[in-house]
Amino acid sequence: MAQHNLSAVTKNGIPVSVQTGWDSTREGFFLIVERLDVRHGEAGNDPFLFDSRELPKSIDLPKQFAALNSILDGFGVELPAPVLRAVMRDEVFSA
């Protein structure tokens with residue numbers, strides 16, 4: 001599994017942690033967007049804005065990162081160029 005991590009702020013000003021990369025077990029790209037301003041286990045608060053680990057195993061993870069990048073776009077989060085290049089390399093070498 002290739003994993004890339006970064007901190008960002010959504011278009012709504014929410015600080016988030018972004019984890020993305022290639023999951024060799026499920027043979028697709030994963031994405032986790034987690035709020036940094038919410039503590040785990042805090043009643044009524046789910047820190048995860050998006051978590052591809054929650055998708056049913058019957059749903060394939062995307063083979064191309066563009067699908068997940070559109071989710072990031074919806075949050076107003078843009079991957080820095082070095083991270084995007086690394087993810088694109090993952091896409092090429094995983095095909």
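How many residues, within region 17-66, are aliphatic (A, V, I, L, M), surrounded by 16 or more Cβ atoms within 10 Å (Cβ to Cβ) and modelled with pLDDT of 90 or more? So the answer is 6. Against the test of being part of a loop (DSSP other than H, G, I, E, B) and either among the hydrophobic types (A, V, I, L, M, F, W, C) or closer than 17 Å to VAL16 by Cβ (or both), the options VAL92, VAL33, VAL38, VAL83 yield a single qualifying residue, VAL38. Exactly one residue among PRO62, PRO80 is touching a helix residue (DSSP H, G or I) at 6+ places or on another chain (Cβ under 9 Å) and touching a residue at least 12 places away in the same chain (Cβ under 8 Å), and that residue is PRO62.
The values are calculated or read from the model by the stated rules, or taken from the named source; none is laboratory data. Given the structure is predicted, the values throughout are model-derived calculations rather than measurements. Every residue, glycine as well, gets a Cβ built from its backbone with ideal geometry; the counts of neighbours run over all protein chains shown.
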